[in-house]
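Read through the structure below, which is laid out as structure tokens, and then see the notes.
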Number of protein chains: 2
Amino acid sequence: MLPSLQTFLQKQCGWSITLLASLIMDASSAKATHPFWPRDLVIPSYVDNNRSMSEILVFLFSVSGAFLLVTWLIAGRLGTWRRLAVCWFAVCGFIHSVIEGWFCLYYDILPGDQSFLSQLWKEYSKGDSRYVIADNFTVCMETVTAAFWGPFSFWTVYSFLATKSYRFVLQLIISLGQLYGAVLYFFTEHRDGYVHSEFGHPIYFWFYFIFMNFLWIVIPLVLIVDAWRQLSAAQSLSDSSKTQKVKRK
Amino acid sequence: MLPSLQTFLQKQCGWSITLLASLIMDASSAKATHPFWPRDLVIPSYVDNNRSMSEILVFLFSVSGAFLLVTWLIAGRLGTWRRLAVCWFAVCGFIHSVIEGWFCLYYDILPGDQSFLSQLWKEYSKGDSRYVIADNFTVCMETVTAAFWGPFSFWTVYSFLATKSYRFVLQLIISLGQLYGAVLYFFTEHRDGYVHSEFGHPIYFWFYFIFMNFLWIVIPLVLIVDAWRQLSAAQSLSDSSKTQKVKRK
């Protein structure tokens, strides 16, 4: 019997009904015809990818690399760390707007769709099947990410290149948005018992699910601290200049 | 048969199994003995409140009012709007830390618990039953709110009273955190079809669910714009002072 259904029935109806329904369900359970977890998920529309994992990863990393390289060259006049931060926002702009944007538009047809980015999401879903079952929180969080943090990331790149006065405010807003999204993403899955991936799998669990997302915990944290320092120093200067003006009067 | 279970079975097993399970479920379904929506939710541990709605609302608004009044008096040297903003953070500190903090600690025993704050949450759950069924996203979002935005709100009050240089950075962080949390809170329920409340009910739906939470959309938005302006102006001053220094050299 499907364990998720079993838990659901236990919560809703108690053990007696669960046992009865269990008999019915055991008779009907078929072998999973997809690579996602939990293994008893039923995804009738699922079609196997015809693109390999390496094709998908090469695309993702080479396009991200191209964004990084072009931004690195354009941002030549900035210091090394600032230049790297700006490159990060360029890569975020691409990933949030294009990759995650695709998910927000097509999450309902993903399992059966064979377009390249849908195949990318089916590959990623081996590490977190919430993407292939259009989990409610995941769709909402990804929609906010694609609609706001994506365009805002490109805006941040521009704001640093043009030395706009709001550049660190934007850096703070996006980084906090990314951090909060990632924390909720891990936290909800932690409370779900990591059922949406093969727990401990070196590629799907550790690389796709943990590592790839952990980047959006660590780097935003560093950039929040950086923005905090920059903005506080600027505010300090502004406060002291106001105090001096008052004293002069 | 429980409609939510019916949908679940239809998705997982198709109509044949649904029909069989339907026969079993219909025999066992009992009338709901709680005031929550959807009406067929089964909450076996639920115990009716012995505190009235007015008792609970009087407590909530009088304690919030006390926090507001005390902060208003303490923050006398600030301008009216800034003083009001600081009062808002004091009230947020109380609501996030105490009210929402209680939910994070006791969400698993809420339905059957008769302590005052558990009764407050049972009353609120008439407008959103996700609190009384410990919905995963709700628990995660509330935990972040109670653990971070609560203490940070009190820290913001202090930072404005002591004119700390990071006061607008804190204002921006908390307001964005509150806004993102509230957006996800409404968005997930919108995609769930507003099933966790009596849709359109003047008190439970419109006052508890919509109005009380909409405050955390509107006020944070205003405070984000305010912090953006303040911090950008300060950064602008800092940038121009650096340019002048370079010119002098």
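Structure notes:
- Placing +1 on the Cβ of every Lys and Arg and -1 on the Cβ of every Asp and Glu, with no other charges, gives the stretch A:53-236 a dipole of roughly 920 debye about its Cα centre.
- Shortest-first nm distances, A:Asp108 label point to equivalent points in other copies (7 Å, Cα→Cβ): 3.7
- Occluded residues from the stretch B:170-184, i.e. those whose accessible area drops by 40 Å² or more once the chain is not alone (1.4 Å probe): B:Leu172, B:Ile173, B:Leu176, B:Tyr180, B:Leu184
- Take the accessible area of chain B alone and of chain A alone, subtract that of the pair, and you get about 4900 Å² summed over both chains, using a 1.4 Å probe.
- Residue-normalised accessible area of the protein assembly as shown, expressed per residue, 1.4 Å probe, Å²: 47 Å²
- Percent accessible area from carbon and sulfur atoms, chain A, protein chains only, probe 1.4 Å: 67 percent
- Distance distribution P(r), chain A, all Cα-Cα pairs, bin width 10 angstrom from 0: 7, 25, 29, 19, 11, 6, 3, 1, 0 percent.
- Measuring between their Cα centroids, the stretch A:223-241 and the stretch B:53-97 lie 28 Å from each other.
- Span-like helix ranges in chain A, DSSP H, alpha carbon extent 30 angstrom or more, Kyte mean at least -1.0: A:53-74, A:167-191, A:212-248
- The mean sequence distance of close C-alpha pairs (under 8 Å, at least 6 residues apart), as a share of the length of the stretch B:84-142, puts its relative contact order at 30 percent.
- Peptide A:135-148 has a mean shielding of 4, counted as Cβ atoms of other protein chains within 10 Å of each residue's Cβ.
- Heavy-atom accessible area for A:Arg51, with the other protein chains in place and a 1.4 Å probe, reaches approximately 100 Å².
- Here B:Asp192 yields copy-to-copy label distances, from shortest upward, of 1.5 nm, the label point defined as 7 Å from Cα along Cα to C-beta.
- A:Ile74 accessible area, assembled protein chains, probe 1.4 Å, Å²: 110 Å²
The values are calculated or read from the model by the stated rules, or taken from the named source; none is laboratory data. Here the structure is a predicted model, which is why all the values come from computation and not from measurement. Note that each Cβ is placed from the backbone with ideal geometry, even for glycine, and that neighbours are counted across all protein chains shown. The area values use the complete protein model at the heavy-atom level, side chains included, leaving out ligands, DNA and RNA. Shrake-Rupley method; radii C 1.70, N 1.55, O 1.52, S 1.80 Å.
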